[in-house]
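Report on one structure; see the data block that follows.
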Amino acid sequence: MTKFVFVTGGVVSGLGKGITASSLALLLKSRGYKVFMQKFDPYINVDPGTMSPFQHGEVFVTADGTETDLDLGHYERFIDEELNYTSNITTGKIYSSVIEKERRGDYLGATVQIVPHITNEIKNKVYEAGTSSNADIVITEIGGTIGDIESQAFIEALRQLRNELGKENTLFVHTTLVPYIYGSNELKTKPTQHSVIELRGMGIQPDIIVCRTPVVLEDSIKSKISLFCSIPKENVIDSIDVTNIYQIPINYYNQKMDELVLNQFGLDIRKSNLSDWENLVNTVNNLDKEIEISLVGKYVELHDAYISVVESLKHAGYFYKTKININWVDSEQLETDINLNEVFKNSKGIIVPGGFGNRGIEGKIKAIEYARCNKIPYLGLCLGLQLAVIEFARNVCGITDASSKEFNELCLNPVIDLMANQKSVINMGGTLRLGNFECHIKKNTLAYKCYNEEFILERHRHRYEVNNKYRDILQEKGLVFSGINDKTDLVEMIEYPNHPFFIACQFHPEFKSRPTRPHPLFKAFIKASIDSKRK
Ligand code: GLN
């Protein structure tokens, strides 16, 4: 039978609940248990796909094409398991499903209510994560902070689950803040006490309390939390601020957090194998080179909007023992008469990641032209491919008005366009080309050199595609279509051979990079940037 861990958050948001959940999952996996992860997001959107990145940060896409919260990116990077549609559940999903059942007549005769109908639906989603993954342990993170109106139904469902399954099958981890007060120079436990009182008021007694703190918790502080919150002192774990997030699982391991969980579940404390992870932490703490990469985007004020891209760059950097410094470039600023030589002066590579809508587009195109003409390594992701095609069409093929139908409906030379199956789409939510598609890589190309494979699977999230009508002219002028989806004949990868490293993909490789296994495209891009002759 699957065991369930629930991770809640108290006091403030942004404590790193997702990293705590992922770290615990990693520790349990490294003891040979099959783990699976899930996140509840209490907002009413069915998924984050329709939200602005400024609201929500990146939308992470799973292999099965579910648009999810960015925490799922952390989960996949830490536990290296593919998650799916059962892994991210929102209030919107729960209510849609209950209302659909009500209309179908599934509850005939009943008044449909939050308890039991909504809470039952939530409980079913927890069970479904267990049965569909066949995991020994499912870890579910509850978004938001205890006390939020929005998450109450979720908390109530979890209370019921504990009541039904008992302490031997369910475990509550509550993450809180223990702030340090300068002046009196002491740590304060009161916010933790209040947050646990709030949780208890909803019928849940935590089993483990993880305290985010700037300094290690002294014994006396742990005793105080233990006394006021009615948990053994060993179950108070400190989560000290770190500069390298990969250190966190090791910190929890040293405090035996995974053993506490396994003991409560009556599962064997199998031998732990964390050597890969320890090597990673060691590598990250001992990088001996550094390079600057320019990331040109329009959501650059919120770095979380590009979190998987940044992590992927770092992973590739780890492989070459190189620290990656990101030069965040606001694409709209490139549309002014700013000096590009100044902007990119220290950069060894330029990356244009995904994006939607036409704000900042011309600035990105200028950055791509700059990379192409100055032979600076370039990696384009999704929109970064579409814009590279537009740039090439305009500046090399002489199609000066080339554009995408996304930016200009009336464009006469739409080198990027909607395919027939997208033209009939009315609803915006969940209707992009999403999830895994196969890409056939041409031999003797840079793409093939990167992957060393003929067929690859990569995750997508876009509506527009390269317009096949323009393939001949682009090809004649030297653009290479190095990756194609055979079934649909859609362009998946392009490259420009007359350049040290110029490649772009229609998919999002950043979702598949792992800290101990950098993605081939990022790895090759970072290698080319390190080797770049550019001063
Ligand atoms: N806006 C473009 C499209 O929908 C690119 C999307 C992206 O970069 N993820 O096709």
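Compared with the alpha-carbon gap, the fully stretched path from Ile240 to Asn498 is longer by 87.9 nm at 0.36 nm per residue.
Quick one: which of Lys222/Lys314; Lys477/Lys533; Lys345/Lys423; Lys345/Lys449; Lys29/Lys442 span more than 31 angstrom between C-alpha atoms?
Numbers: Lys222/Lys314 35 Å; Lys477/Lys533 26 Å; Lys345/Lys423 42 Å; Lys345/Lys449 29 Å; Lys29/Lys442 37 Å.
Too far apart for the 31 Å limit: Lys222/Lys314; Lys345/Lys423; Lys29/Lys442.
Compactness of region 447-535 is given as radius of gyration and Dmax, 14.0, 44 Å, from Cα positions. Of interest is the spacing of the C-alpha centroids, which for region 352-395 and region 256-334 amounts to 26 Å. Annotation: amide H of Leu490 within the under-5 Å range of Asn485, sequence separation 5 or more or interchain, hydrogens built in the peptide plane. A simple spin-label model places pseudo-atoms 7 Å from Cα toward Cβ; at Ile338 and Asn185 they are separated by 4.5 nm.
Computed 3J(HN,Hα) for region 214-226, one whole-Hz value per residue from the Karplus formula 6.51 cos²θ - 1.76 cosθ + 1.60 where θ = phi - 60°, is x, 10, 4, 6, 6, 4, 5, 5, 4, 4, 5, 5, 4, glycine and proline marked x. Eigenvalues of the alpha-carbon gyration tensor of region 234-291, scaled by 5 and square-rooted, set the equivalent ellipsoid semi-axes at 28, 14, 6 angstrom, largest first. The distance between label points at Ile114 and Ser230 comes to 2.4 nm (points 7 Å beyond Cα on the Cα→Cβ vector). Extending 7 Å from Cα along the Cβ direction at Thr400 and again at Cys373 yields two label points whose distance is 1.5 nm. Considering every alpha-carbon pair of the chain, the percent of pairs per 20 Å bin, from zero through the bin containing the longest distance, is 21, 50, 27, 3. In the chain, the calculated helix contribution to ellipticity at 222 nm averages -10500 deg cm²/dmol per residue, counting -39,500 (n - 2.57) for every DSSP H run with n ≥ 4. Subtracting the Cα-Cα distance of Asn279 and Ile426 from 0.36 nm times their residue separation leaves 48.0 nm of extension gain.
Note that region 118-123 has calculated 3J(HN,Hα) couplings of 5, 5, 4, 4, 5, 4 Hz, one per residue in order, obtained from phi through the Karplus relation 6.51 cos²θ - 1.76 cosθ + 1.60 (θ = phi - 60°); glycine and proline are x. For region 416-491, taking the reciprocal of the average inverse distance between every pair of different Cα atoms yields a Kirkwood hydrodynamic radius of 13.8 Å.
Any chance you could give the angle, 0 to 90 degrees and rounded to 10, that helix 520-531 forms with the longest Cα principal axis of the chain? Computed tilt is about 60 degrees. When you count the other C-beta atoms within 10 angstrom of each residue and take the mean per peptide, 110-117, 396-403 line up highest first as 396-403, 110-117. Ordered from longest to shortest, the equivalent ellipsoid semi-axes for region 385-535 are 25, 21, 14 Å, each the square root of 5 times a Cα gyration tensor eigenvalue.
With R₀ set to 30 Å, the beta-carbon distance separating Asp80 from Asp148 gives a calculated FRET efficiency near 0.45. Restricting the calculation to Cα atoms, region 68-133 yields a radius of gyration followed by a Dmax of 14.5, 47 Å. Using the Karplus relation 6.51 cos²θ - 1.76 cosθ + 1.60 with θ = phi - 60°, the per-residue 3J(HN,Hα) values for region 389-397 come to 5, 4, 4, 5, 4, 5, 8, 10, 8 Hz, with x marking Gly and Pro. Using only the C-alpha atoms, the convex hull of region 298-453 corresponds to 161 Å³ per residue.
Dividing the convex hull volume of the alpha carbon atoms of region 1-125 by its residue count, what do you get in Å³ per residue? Walk me through the intermediate numbers first.
Values: hull volume 17.2 nm³, N = 125.
Given the Cα convex hull of region 1-125, per-residue volume reads 138 Å³.
In the distance distribution for region 261-387, Cα-Cα pairs more than 25 Å apart total 37 percent. Binning the C-alpha pair distances of region 164-289 at 5 Å intervals from 0 yields a P(r) profile of 2, 10, 17, 19, 18, 15, 10, 6, 2, 1, 0 %, listed from the shortest bin outward.
A quarter of the convex hull surface defined by the alpha-carbon atoms of region 156-196 gives 3.6 nm² as the mean projection. Taking 0.36 nm per residue of separation and subtracting the Cα-Cα distance, full extension of the segment from Asn444 to Arg270 would add 57.9 nm.
Based on the inverse mean of 1/r over its pairs of different Cα atoms, what is the Kirkwood hydrodynamic radius of region 105-208, in Å? Walk me through the numbers before you get to the answer.
Numbers: mean 1/r = 0.0630 Å⁻¹.
It is 15.9 Å.
Peptides 212-220, 172-180 ranked from most to least packed give 172-180, 212-220, packing being the mean of other C-beta atoms within 10 angstrom over each peptide's residues.
The numbers here are math on the coordinates, done by the rules we state, and not lab data. Computed from a predicted model, the values in this text were never measured in an experiment. Glycine also receives a Cβ, built like all others from the backbone with ideal geometry; neighbour counts cover every protein chain displayed.
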